[in-house]
Structure formats: structure tokens, C-alpha cells
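Visitor: Dumping the structure here so I can ask a few things about it.
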Amino acid sequence: MKILWKRLSSALLVLLAASFVTFTLARVIPSDPALAYIGPKATEADSAQLRITLGLDQPIPVQYFKYIGQTLQGNWGYSLSSKQPVLQEIADRLPSTLELIFFAMGFALIFGVAMGVYAAKYRGRLQDSVIRLLSIAGVSMPAFWLGLLLQMLFAGRLTWFPATGQFDIELKYDNPITKITGFPIFDSIITGNFAATMNGLHHMILPALTLSAYSFGLISRMARANLLEVMSQDYIKVARAYGLSERLIFFKLALRNALPPILTITGLSTAYLITGTFFVEQVYNWPGIGSFAVNSLISIDYPAIMGITLLAAIGYLVINFIVDLIHAKLDPRVWMR
Amino acid sequence: MSIKTAFSSKRVRLIAVTSSALLGIASLTVPTAAHAASVFKVATSAAVTTWDPIQSFSTEAFYMTNIYEPLLWKNPDGVSPEYTPALATSWSSSKDGKTWTFKLRAGATFHDGSPVNAAAVKASFEASKKIGGAGFIWDPLKTIDATSDDTVVISLSYAAPMDLIASSTYGAYIVNPKTLTAVATNSNYYESGKDGGSGPYTISSYKAGSSVVLTEYAKHWATEKPAYPTIDISIVSDGITAQQMMTSGQVDWATNIPLTSMTSFKRNNKYSVIKYKSPFNYLGYFNTLRAPLNNPVVRQALSMALNYREIAAVGGQGYATQARGPVPVGIYPYDPAIPQYKMARAKAKLMLSSAGVKNLTIKITYASENSAEARFVPLIKDAFEAIGVTAEVQGILFNQQWAAAKKDPANAQDLFIVKYWPTYSDAGVDNLWSLFHSSTKPFFNLSYWKNAAYDKLVDDAVELSGSDKAAAQKLYSQAMLMLYKEAPGLYLYDEAQVSVIPKKFSIPKYNINYPFSAFFAGVKLAQ
């Protein structure tokens, strides 16, 4: 329990530090919020009035404490671009991003572990080299470049997949999704709108593959290395000497012990995917947090940038906390360190 | 041997088969419904800064001209008559150009069914003058009287072309008075996508930064109804993505195709690539507050360093021509007789030397989000270095670039690159006045240039343009000649508008007077 509190309090400190740094940076960048609010030909009088309205005429520490107070009460401010509450903007877009991350992580885990296992099996052979090449490519290729490449090949040339968007535009006229939870594919499933489900999955493939590339590379390399290491441990040799079956040794002994590092890397790369969506959503015109973040950065939309930073920081902390819990479940020594 | 045995298990195969199946199922899925024939699908980069038609001063004009109407629409140059009646059916002016009478269209209604009348016109113009983003266009407005339900009489403090002003793309829409009252009590009234217009379409849904859906207003006064009662617009900031959406059939039309893609579209027989004159003009402001740029000879020398043909070719990708000052070709008071600087680097070096300039370093800023500027600014740097002037280039977001330029002019950039266009089709009132007329605090005069003779020429021309356009043109030409000689700016190029039109559709021609707009009521299937 003590360790739990320790983790929570350090998480709170990280959140405060992240919010303070972002807040200060956003305020010291020379820019005019009136431009984002009114447009590129905003007059000086408009600009001055807006600064007073938004409280930008007050000292930065005063602005910061006001911001923290309001944020804790659920008021994350209003987006300068859309004039809508930032929290509402985030809530509207978050489900689409989470669905994308879910599928991307699914791809990365399934293919990553499978390829890692396969590479370990064929260690030193052609299959191992091909998988190594794919893994390195996944880790090193920038998401925006890979996205464009996949888009041009599979959407532009082969026309196997749609180039952009979460659903075909026609869908909202012919098979509109009833909003239940806000998660579009999930809602389409629970409302029995399978035309929308299939259409959504069809649109999901390219962005999810693009987003999963980095995590896939990490997971497959980690899975291969860990399995090879564990399989060479003394206790595995002992198990074999006792005549245990290879299947039992692998799944009960080796894979379980190889899992914690894979889990850690999975957690970290899930957190990485939050920022990875910035590029992927932009390329695929995905209506999620990533494209909202990019548009907010381009228009120096302070409240939106702050909201997204806070959300990303919370996302990182929550994911790492969950990873810690699972890690501890798999290996109780973690809490004792 | 043992490790291989373990990995050869059925479970390994199961993982592989499951993974393949997942991908396979999704990849075999076909798109659902057939194309809904009544929906015209568009991809555009046009963001919505505000839905308030009075405040509107940005790219939301793309939508606004379908939702709201002015009294008149201005036709492109060369099209007769000069104006198409919108909410006014006839109009006239007094001989001195100070009194204008507009007769309103009978039967026109706002989207809530209330009538478009003289009171609505008066309320709209007064609101626009008082609080509008483009309120300055109503500067000459003295009084506006609703003499009857269908007649307004506008009195001006000086002669001005009220037909032109009343057809402006910003600040001239007629807005439902009920909406004006509502927005006075709730400043965010419009922002969820409400409207108070009378145009052929109304907003049926809006997702900020993502999509806009327009639906036909069934009671619109026009006899010819739109072929597409629903317009579904995806807001796509990236041009390549928009291009992919159009070529893959996800949308019917994309308006923001990058110039770099035009060559491939020209080879594609499904599309027409059409070039129009546009009001967009690229220029640079020299910081005339700082030595040695306060010396016109130095500015002239720097102007002679540039290879304008190359800059236009690289920036405009073959769809641009060297500018003749800050007034774009095709927009009043453009004058083809205004001279242009030509590349003469040997002479430029001599001029710098005679001005005593040594070891000059120039800081250039440009808007990093503008891909054309990112392409051609390195050429300016190279040109300056060819005459011995060092250039430091800084690409930053436009609002940062502009904020820095206004904050501390004496210590700001030396050369500010900008893309500019007039608010309505009078680049005398806008470009010549806004960009180079003296001002106490810099707003768009970012060369910080002050010249009393220039100011008088432009001021006089502005006042004359309502009653004697030809006389005003002469004064404007003198002012432009002064800009050439004094060189407070680098006049780079006029950009053409290049539209990629799918041959399957008939889409109204680009109108230089409404540079951000598309008129969806005229879209139909090609014959």
C-alpha cells in the first residue's frame, strides 16, 4: 500500500511538472491568440480585448494557478480554434484514438510476439534475418513516411483499402452508427450495425498497421531475445533433465518468465502510440486526438495544447502504473525492490 | 533441437493463422453502401475560424457564400454584367457617388422563414461596421435608412463604390436580425454550427476541424434548385491526403491539391486542370526603420539581386508570374505599365558599395506552414549571398511571425515574407493602403515605411474611387510607381489559382472575387 501511494504521489508530481512546463512554454512563445480566435486579419483592438477576456493580460503564475484550479473542477478551458470546451473536444475524439491504439497494439502484440517466436525458432537462418529486417524497419521508419507509403501502395495503386477516414462518407447516410459509448466500431457491434463494423475495420487496417510498426519492431526483437535467453537458463535444463515435455517447459516455464520484459516494452510503446497518433491521424485524416493535437499546435491553440499535454501525461502514467501492477503480479519481487 | 521442438507446436501455428485471418478478414471486407446520389462529397483545407458572418474574416468563406448572401455578387473580370443580383434586384447611385439606393428581392427569406427586408440589411451593415472582422470596408458609411420594407438608402461620408463593397466576400452578408440579437447575448451562439443566412444551403452538422455538412434550403428564392441537396465536406489540412481521397473515389472533389501534383493530373484524362487569375500576391517587407535598409538605394540593390523568374517558377510551380508591385494581376487598380525589378547582380553590388554597405546580414522570416514560401525563400537567401549579403532564414508559424513583427519593429526581422490578398476586389483600398500607408502602430504595414506623399496619393484615390474610378486609377498608379522606386518591399509574384476538376462533374468556375469560396448550388453531373 505504501508503495502504491508512493507511485501515485510521484505521478502527481510528474503531472504538475508537465503542466507547468507546457503552460509556461505556451505563454512565452511570441504569438497572437487573436489570430487563432478571430482570423489572420484580426485587428489590434480585437486582439487586446481578447487578451483581457482570456486572462492573458495577467502574470503567468496567476494564470497558471487559475488554470490548475479550473482544471481540477473539470473546466479545461475553451479551444481558441473551435470555441468549444477543450474537455468536450477531447471526449469527442478520444474514443476514435483509443480504438486506433487498441487495434495498433493488437497488431503489434500478435505479430510482434509471433514473429519473435518464429525468429527464435529459426535463429540464424533466413527467416530470422527477414524478421530482423522487418523489425528494424518498423522501429526506424518514421510513421508519417510509412503511412504515406502504405497509403499510396494499398489505397492509391492497389485500391485494397480506403486512403483516409474512419468510415466511408456514405455510411452516415445509409447506415448511421447509433452513439452508445462513443467508440464507433464498438457501438456498431453492440447495435448490430455490421455494415458499419466491417466498413470501420476496413478503414482501420492501414492506420493501425502504420501506428503499430514501431511497437511491432520492439516487441518482436524483445520476444526473440528473451525467449532465447530464458531457454538457455539452468532451470530449463533441469526441467528437461526431469523429462518434462517441451510444450510444458516452453509455455509454463519459459514464456511466463520471458513475458515481464515484453510487457514492460508493450506498456511503454502503448504510451508511445499516444504521440504516434499525431502523425498517423494526420496522414489518414483520422478524427481523433492526434489530428486535433496537430491542428492545435499549428494554430497555437493554448488551451487545447494544454489539454492534450495533460491527457498524454495522464495516459503515460496510467499505462505505466498498470504495467507495474501486471509486472508485479507476474513477478512479486518487483514490489520488494 | 529442444527449442525448435517447443516452437514447432500447434500454438505457434495458431498464432500465425489467427494473425493472418485477422488481416485477411478485414482486407476482404468491401465498402458498404453504394454512393448516395444526392450527396456531393468534398475535401478541403478550409478551416472554420468562426461561423459568425459578421466576424468572419478567414477561410470559412468557403462555406459562408453558400449559407449567406450579400446584396450583389461580383462577377469575374470580363464577365458582363459586372454584378449578379443576389438579395438586391436593382440599385443606383447619385452622381456624386455618395448616396446609393438598393431595391431588395421580393420573396427572399432567412432559413427560419422570416423575410429578408430593409431592416435586416440595415442591422447587418451596422453590425458589420461596428464589430465586424472586415468592418473597415464600411468606413465611408454615414447612415443607412430603411425607407420601405424593400428599399435601403445608403449615405456615405465620401464617394465609394458601394456596389463593390456590398459584394465583398467578408463583412457584407445580410444576416437574420434575430440571430444578431441572439449573438449579442451569447457570443458563442454560432459556434456549434447555427446560422442566420438566406443562402441556398444551411448548416446541418459541424464537427470542428473535421467535417461540415450543408443541406439545401428548400425555400430559397432561386428558381433552379441545387442538383445536390447535401454537400458533405471533410476538412483535410494535408493536400496530399485530399488528393488521395479524390483519386481513390472517397470524395468527389478536392479543392486543395498541391501544385506539385498538377503535372500528374494533367496526364490523367479523368480530370481537367484549369488555371485562373487569383488575388494572391507574394511580397516581402524590408524593415525600413533600420540602417542600412532605411536607405532606398540599398533596398533597390537587394531587389535587383533576385531571380524573379526562378522564384515564381519554384514558388508557384509554373503557375505564377512576377508581380508588378503589391496589386495582383486581375484586381483593380492593377497597372501593367508599372515597372518590375530585373536581376542585375553586378549593378546591385555597385549600388551597395556606393551606399557604403559592408558585411550586411539580413534576417528573413517566413510562414513555415506556407509550402510555397518554404520553397522559394532559400532562393532569396542565395540571391542575397550572391551580392555579398548574408541571409539568416527563419521559418515560423505565421501568427508567431506576425506577432514578433508587430511587437518591436526596431528589433524585428529585416525582411518579412508574406502572402497577401485584398478583403474585397479593390486592392487600392486594401493592399496599397493596408500594406504601405503610414500607421502609428504597425498592423499590416510591416515595412514600417512612412511617406506622406504616398499616403496622400492613396487617400485621395480611395475617396475618388467611388465617383471617378479612372481618376483614382491614375493616383493609384503614381502610388505604385513610388513603391517601385522607393522599394519598401520586394514584389515577388502573383500566384495563379489552379483547380483540378473531375470531368464527371460540372463545377462553377473559380471567381477571383471570392477566392476561398465554392458555390455548390451550381454543381451538377457533367453532360
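The values are calculated or read from the model by the stated rules, or taken from the named source; none is laboratory data. Fair warning: this is a prediction, and the values are worked out from it, not measured in the lab. Because the Cβ atoms are built from the backbone with ideal geometry, glycine has one as well, and the counts that use them run over all protein chains shown. Just so you know, the surface numbers come from the protein's heavy atoms only, side chains and all, with ligands and any DNA or RNA stripped out. Shrake-Rupley method; radii C 1.70, N 1.55, O 1.52, S 1.80 Å.
Visitor: For the range B:99-115, does any single residue satisfy the condition of being aromatic (Phe, Trp, Tyr), open to solvent by 10 Å² or more (accessible area, probe 1.4 Å) and either modelled with pLDDT of 95 or more or farther than 22 Å from residue B:427 by Cβ (or both)?
Guide: yes
Visitor: I would also like to ask the following. Have a look at B:205, B:264 and point out the one that is among the polar types (S, T, N, Q) and part of a strand (DSSP E or B).
Guide: B:205
Visitor: Could you check, for the range A:253-266, whether at least one of its residues is without any contact (Cβ under 8 Å) to a residue 24 or more places away in the chain and over 26 Å from residue A:206 (Cβ atoms)?
Guide: yes
Visitor: Got a sec? Which of B:334, B:308 is open to solvent by less than 30 Å² (accessible area, probe 1.4 Å) and of a type outside the set (D, E, K, R)?
Guide: B:308
Visitor: Which one is farthest from the other protein chains (Cβ to nearest Cβ) among residues in the range B:48-89 that are among the acidic types (Asp, Glu) and farther than 17 Å from residue B:255 by Cβ?
Guide: Once the filter is applied, the top-ranked residue is B:82.
Visitor: It is to be established whether one or more residues within the range A:149-171 are within 13 Å of chain B (Cβ to nearest Cβ), in contact (Cβ under 8 Å) with a residue 24 or more places away in the chain and of a type in the set (Asp, Glu).
Guide: The answer is yes, given that some residue of the range A:149-171 is within 13 Å of chain B (Cβ to nearest Cβ), in contact (Cβ under 8 Å) with a residue 24 or more places away in the chain and of a type in the set (Asp, Glu).
Visitor: Can we say residue B:202 is of a type in the set (Ser, Thr, Tyr) and at pLDDT below 95?
Guide: It is false that residue B:202 is of a type in the set (Ser, Thr, Tyr) and at pLDDT below 95.
Visitor: Pairs please, first residue from the range A:309-337 and modelled with pLDDT under 70, second anywhere and assigned to a helix (DSSP H, G or I) and β-branched (Val, Ile, Thr), Cβ atoms under 6 Å, 6+ apart in sequence or on different chains.
Guide: A:335/A:3
Visitor: For the range A:189-215, how many residues are under 17 Å from residue A:279 (Cα atoms) and open to solvent by 20 Å² or more (accessible area, probe 1.4 Å)?
Guide: Total satisfying the criteria: 2.
Visitor: Can you pull out every residue in the range B:474-501 that is open to solvent by less than 10 Å² (accessible area, probe 1.4 Å) and touching a strand residue (DSSP E or B) at 6+ places or on another chain (Cβ under 8 Å)?
Guide: B:483, B:487, B:488, B:489, B:490, B:492, B:493, B:494, B:500
Visitor: Pick out the one residue from A:248, A:218, A:244 that is closer than 30 Å to residue A:121 by Cα, under 20 Å from the mean Cα position of the chain (by Cα) and either in a helix (DSSP H, G or I) or more than 9 Å from chain B (Cβ to nearest Cβ) (or both).
Guide: Unique residue meeting the criteria: A:218.
Visitor: I'm trying to understand the selection: among the residues of the range B:74-92, which are modelled with pLDDT of 95 or more and open to solvent by 40 Å² or more (accessible area, probe 1.4 Å)?
Guide: Correct list: B:84, B:85, B:89, B:90, B:91, B:92.
Visitor: While we're on this one: Being within 14 Å of chain B (Cβ to nearest Cβ), modelled with pLDDT under 75 and either surrounded by fewer than 18 Cβ atoms within 10 Å (Cβ to Cβ) or closer than 21 Å to residue B:189 by Cα (or both) narrows it down to one of A:78, A:37, so name that one.
Guide: A:37
Visitor: Does the range B:319-327 include one or more residues that are over 24 Å from residue B:435 (Cβ atoms), assigned to a loop (DSSP other than H, G, I, E, B), open to solvent by 50 Å² or more (accessible area, probe 1.4 Å) and not hydroxyl-bearing (Ser, Thr, Tyr)?
Guide: No, that holds for no residue.
Visitor: Every residue in the range B:185-215 that is open to solvent by 50 Å² or more (accessible area, probe 1.4 Å) and away from chain A (no Cβ under 14 Å), please.
Guide: Passing the criteria: only B:185.
Visitor: Out of all the residues in the range B:403-417, which are at pLDDT below 95, buried (at least 20 other Cβ atoms within 10 Å of the Cβ) and in contact with a Leu (Cβ under 7 Å, 6 or more places away or on another chain)?
Guide: B:405
Visitor: While we're looking at this one, here's another question. Taking the range A:138-188 only, how many residues are within 21 Å of the chain's Cα centre (by Cα), more than 20 Å from residue B:236 (Cα to Cα), buried (at least 16 other Cβ atoms within 10 Å of the Cβ) and small (Gly, Ala, Ser)?
Guide: Going through the range A:138-188 one residue at a time, the tally reaches 1.
Visitor: Separate question: Take the residues in the range B:238-263 that are within 16 Å of residue B:211 (Cα to Cα) and touching a helix residue (DSSP H, G or I) at 6+ places or on another chain (Cβ under 7 Å); name whichever of them is most open to solvent (accessible area, probe 1.4 Å).
Guide: B:238
Visitor: Right, another one. Regarding the range B:429-444, can at least one residue be identified that is within 12 Å of chain A (Cβ to nearest Cβ), without any contact (Cβ under 8 Å) to a residue 60 or more places away in the chain, closer than 23 Å to residue A:299 by Cα and among the charged types (D, E, K, R)?
Guide: So far as the range B:429-444 goes, no, none of its residues is within 12 Å of chain A (Cβ to nearest Cβ), without any contact (Cβ under 8 Å) to a residue 60 or more places away in the chain, closer than 23 Å to residue A:299 by Cα and among the charged types (D, E, K, R).
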